[in-house]
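Trainee: Here it is, the structure, as structure tokens.
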Amino acid sequence: MATSVIYGSTMRGQNIQYGSVDPAVTAATIYGNLTSFLTTKVTRTRFTNNTGSTTNPTATFSATPANGSALIAVILRTADNTTTTLSGWTQLSNAGAGGVRQAAVFWKRAGASEPTVVTATNATAAAWNMTIIEYDGWARYADPVSISASATVASTTSISVPGTGMMAGVCAIVNGSGTWTTATLSTTTGSNASLTQFAATTLANCSEIVGYNNSEDALCTYTLGTARATNRLVVGWPHNTTSAVAPFGTFAGITPSTASLAGQIGIEFDTSTIPLANTVSAATLTLKAAGSSLLWPSTATSEIFSINSTAIAKTASNTRTVWRTPTEIAALTKVATRAAGSAWVASTAYAWTSEAAFISNINQGSTTRLLVGTSEQRTGSLAGSQQVYNISDTAADHFLTIVHDRLVTIPTVTATATPSISRIPSFPRTIAASATATAALSRIPSFARTIAAAVTATPSISRITSFARTIAASAAAVPAIVATYQPFSVQLPRILRLAGRSTITLVTQSTLRLLGRSTLKLPKE
Amino acid sequence: MTALDDWWAVEADQSLTDSEKVALYNDIRAAAFLAVELPFYVDDLQITNIAVAGNRVDVSGLGNFSWPLRIYNGPVGVADIDGNVTKADGSTWYSDPIEVIAQCIRSA
């Protein structure tokens, strides 16, 4: 029996809320559309690009946009000013530079009979590049925001278009004087964004950036073949982000009505030191409360679930490894709970109440991964008030206590013998771990020993019969038995007394010899 | 300067890689736990031996407990409102590794 206390190795808290950029989308909205938010994500339906040098830029969708989808229009001008307008659309970002270039973005929610032709207006004619894009999925429920506002960039060959906190979006650059030889958009080292180019000229470039699995930051850079001053912008839909907020720890739970914190947390414990052959008899999770601004649910229960098959990376991975829908959580095994209204004191470690299934979900010889959430996140229900708690954001502050035992199987040795089996006293025999005595054992009829029908012995028991049996030196004849022959032993006097009325019969040719010191006494007459 | 101070200095050092931090944590942990005077008691248990290997602290003793107690990646102190050492973030901690052992034993 041993007790192993294993401190956490990795943890990640993910905020269901809408990231650092607040687009006024509440957790309640997200929760009501979790499938779109977590599964469908932001999806691009179609795009069109057009170029010209007229006063009013225009482009045409290849089909009527779906009712409720989100439309984005990116207008890049190589000259002019900042007076571009798009009637019925909302401007997200717009900036010009000294009358030599302009980058503007507008968006609108498609109506029931949305026109396919989109035409902007301006005061003067100039070269322009216009891209219109239709987005669906999560974009149907959340409005796009400016991720990185249109801004002037001094002459350089490297232009950063940060997509930090973005699920998916559009970036664009435009140059107003001279051209660049090449413009290449790429992700920063370590990023996993996917990129799609909408427009590419030597004066303007408009591209789509989608974070890894539509959930992660996308840090991208335009690299120009020729250093040029540009204007650049990024718009899109923020993804959920970390629920760790210094110095308040990492949050789990749901805040339904405000753009504040809510999340789920994944924690990993290296349980590779618990051998596979061992039997776990108890497992307890201890989580440490955050250092300040403590929150604990008043009506929801803290619930811990096993997610052993899902690696939880600290950064640059799919946030969906942590965030689960109620349906997904309901399919997980609940391993521990802590009741609503429980005490929760800063920087204090609390043991959760283990479910019976916890011990079988300790991933012996590997990594044990747990999802920290609430009963609300399992059922999909929402209370009127926030049901949130915050734990320390340091993985090594939380630990698993595992009591385990090495299971050793001692073979049971059963020797079965029939009652008549004889054991030779002087013959040591070692019984194998499992031996069944058969008739092949030596039998000496005159020293019959009875062995119980079933004998249990440890494997190393040796049987050495330590006693010798001696046959008595004399045998007495019982009355009525006629001794017909008495063996002669050298130098031992033997006396044969014939009691009264005894008869010695010497048959034909028999001889009775009386040798030295022998006596033949005959009864007196 | 307590072991906790050394620990937090490593924790705050942005120039160190994760593996470098792990190695330093192991050194700090070993020094702290091996300096504990034996025996001592946790509730009705007597702690008679402490051994350190890598990230593991092995604790054995007398009394009704599933010995040995093996602590993996453990800290060298425990946060407590009455602690004797204050971290940069304002939290207070007990700097004695005995508190870590006591917390682990009581969690079982």
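The values are calculated or read from the model by the stated rules, or taken from the named source; none is laboratory data. Given the structure is predicted, the values throughout are model-derived calculations rather than measurements. Backbone-built Cβ (ideal geometry, glycine too); neighbour counts: all protein chains shown.
Trainee: I'm trying to understand the selection: among the residues of region A:195-221, which are small (G, A, S), at pLDDT 90 or above and within 39 Å of the chain's Cα centre (by Cα)?
Mentor: Our first condition is that a residue be small (G, A, S); within region A:195-221, this holds for A:199-200, A:204, A:207, A:211, A:215, A:218.
Within this subset, residues satisfying the condition of being at pLDDT 90 or above are A:199-200, A:204, A:207.
The answer is A:S207, and nothing else.
Trainee: Could we say that B:F33 is among the aromatic types (F, W, Y) and more than 14 Å from chain A (Cβ to nearest Cβ) here?
Mentor: Values: among the aromatic types (F, W, Y): yes; more than 14 Å from chain A (Cβ to nearest Cβ): no.
The answer is no for B:F33.
Trainee: Of the residues B:V42, B:V52, only one is over 16 Å from A:I6 (Cα atoms), surrounded by 13 or more Cβ atoms within 10 Å (Cβ to Cβ) and away from every other protein chain (no Cβ under 12 Å); which?
Mentor: Going through B:V42, B:V52 in turn, just one is over 16 Å from A:I6 (Cα atoms), surrounded by 13 or more Cβ atoms within 10 Å (Cβ to Cβ) and away from every other protein chain (no Cβ under 12 Å): B:V42.
Trainee: Taking the condition of being in contact with a Ser or Thr (Cβ under 7 Å, 6 or more places away or on another chain) and either modelled with pLDDT under 95 or within 14 Å of another protein chain (Cβ to nearest Cβ) (or both), how many residues in region A:339-352 meet it? Let's see the steps before the verdict.
Mentor: Taking region A:339-352 as the starting set, the residues that turn out to be in contact with a Ser or Thr (Cβ under 7 Å, 6 or more places away or on another chain) are A:339-341, A:346-347, A:349-352.
Pick out the ones that are also either modelled with pLDDT under 95 or within 14 Å of another protein chain (Cβ to nearest Cβ) (or both) and you get A:346-347, A:349-352.
Adding up the residues that qualify gives 6.
Trainee: How many of the residues in region B:60-73 are assigned to a strand (DSSP E or B) and more than 9 Å from every other protein chain (Cβ to nearest Cβ)? Give the derivation first.
Mentor: Filtering region B:60-73 down to residues assigned to a strand (DSSP E or B) leaves B:60-62, B:69-72.
Narrowing the set further to residues that are more than 9 Å from every other protein chain (Cβ to nearest Cβ) leaves B:60-62.
Count: 3.
Trainee: Test A:T82 against the criterion of being part of a loop (DSSP other than H, G, I, E, B), of a type in the set (S, T, Y) and either surrounded by 15 or more Cβ atoms within 10 Å (Cβ to Cβ) or at pLDDT 95 or above (or both), and give yes or no.
Mentor: On the way: part of a loop (DSSP other than H, G, I, E, B): yes; of a type in the set (S, T, Y): yes; either surrounded by 15 or more Cβ atoms within 10 Å (Cβ to Cβ) or at pLDDT 95 or above (or both): yes.
Spelling it out, A:T82 is indeed part of a loop (DSSP other than H, G, I, E, B), of a type in the set (S, T, Y) and either surrounded by 15 or more Cβ atoms within 10 Å (Cβ to Cβ) or at pLDDT 95 or above (or both).
Trainee: Residues in region A:116-126: is at least one part of a strand (DSSP E or B), within 30 Å of A:A227 (Cα to Cα) and not hydroxyl-bearing (S, T, Y)? Spell out how you get there, then give the answer.
Mentor: Step one: of region A:116-126, the residues part of a strand (DSSP E or B) are A:117-119, A:121.
Restricting the remaining residues to those that are within 30 Å of A:A227 (Cα to Cα) gives none.
No; the residues of region A:116-126 include none that is part of a strand (DSSP E or B), within 30 Å of A:A227 (Cα to Cα) and not hydroxyl-bearing (S, T, Y).
Trainee: Take region B:74-91 and flag every residue that is in contact (Cβ under 8 Å) with a residue 40 or more places away in the chain and at the interface with another protein chain (Cβ under 7 Å from one of its Cβ atoms). Explain how you work it out, then say what you get.
Mentor: So in region B:74-91, the residues in contact (Cβ under 8 Å) with a residue 40 or more places away in the chain come out as B:74-77, B:85, B:87-88.
If the condition is that a residue be in contact (Cβ under 8 Å) with a residue 40 or more places away in the chain and at the interface with another protein chain (Cβ under 7 Å from one of its Cβ atoms), then B:G74, B:P75 are the ones that fit.
Trainee: Another question about this same structure. Consider A:L92 against the criteria (1) modelled with pLDDT of 95 or more; (2) within 30 Å of A:N33 (Cα to Cα): it satisfies all of them except one. Which criterion is unmet?
Mentor: Failed condition: (1).
Trainee: Looking only at region B:92-108, filter to residues that are closer than 21 Å to A:D405 by Cα and more than 7 Å from every other protein chain (Cβ to nearest Cβ); which one of those is farthest from the chain's Cα centre (by Cα)?
Mentor: Ranking the candidates gives B:R106 first.
Trainee: If you don't mind, another one. Select from region A:231-280 the residues that are in the same structural domain as A:A383 (by TED's automatic domain parsing), among the polar types (S, T, N, Q) and more than 26 Å from the chain's Cα centre (by Cα) and list them in ascending order.
Mentor: A:T255, A:S257, A:T258, A:S260 - these are the residues of region A:231-280 that are in the same structural domain as A:A383 (by TED's automatic domain parsing), among the polar types (S, T, N, Q) and more than 26 Å from the chain's Cα centre (by Cα).
Trainee: Just to check your reading of the model, which residue among A:A246, A:A283 is in a loop (DSSP other than H, G, I, E, B), of a type in the set (A, V, I, L, M) and within 14 Å of chain B (Cβ to nearest Cβ)? Don't jump to the end; show me each part of the working.
Mentor: On the way: A:A283 fails: in a loop (DSSP other than H, G, I, E, B).
Just a single option satisfies the conditions, and that option is A:A246.
Trainee: Could you please give the count of residues in region A:182-197 that are crowded, with 21+ Cβ neighbours inside 10 Å and touching a residue at least 40 places away in the same chain (Cβ under 8 Å)?
Mentor: Start the filter on region A:182-197 by keeping residues that are crowded, with 21+ Cβ neighbours inside 10 Å, which leaves A:183, A:185, A:193.
Filter again for touching a residue at least 40 places away in the same chain (Cβ under 8 Å), leaving A:183.
Number of matching residues: 1.
Trainee: Can I ask one more? Determine whether region A:11-29 contains at least one residue that is within 14 Å of chain B (Cβ to nearest Cβ) and under 30 Å from A:A290 (Cα atoms).
Mentor: Filtering region A:11-29 for residues within 14 Å of chain B (Cβ to nearest Cβ) gives A:11.
From what is left, the residues that are under 30 Å from A:A290 (Cα atoms) are A:11.
Yes, some residue in region A:11-29 is within 14 Å of chain B (Cβ to nearest Cβ) and under 30 Å from A:A290 (Cα atoms).
Trainee: Can you say whether A:T301 is more than 14 Å from chain B (Cβ to nearest Cβ) and modelled with pLDDT of 95 or more, as far as the supplied structure shows?
Mentor: On the way: more than 14 Å from chain B (Cβ to nearest Cβ): yes; modelled with pLDDT of 95 or more: yes.
The answer is yes for A:T301.
Trainee: A further question on this structure: Select from region A:4-35 the residues that are at pLDDT 75 or above, β-branched (V, I, T), within 22 Å of the chain's Cα centre (by Cα) and surrounded by 18 or more Cβ atoms within 10 Å (Cβ to Cβ) and list them in ascending order.
Mentor: The answer is A:V5, A:I6.
Trainee: Could you list, in sequence order, all residues of region A:358-374 that are within 26 Å of A:S298 (Cα to Cα) and surrounded by fewer than 22 Cβ atoms within 10 Å (Cβ to Cβ)? Even if it seems obvious, please write down each step before you answer.
Mentor: Looking only at region A:358-374, we keep the residues that are within 26 Å of A:S298 (Cα to Cα), and these are A:358, A:370-374.
Hits for region A:358-374: nothing passes.
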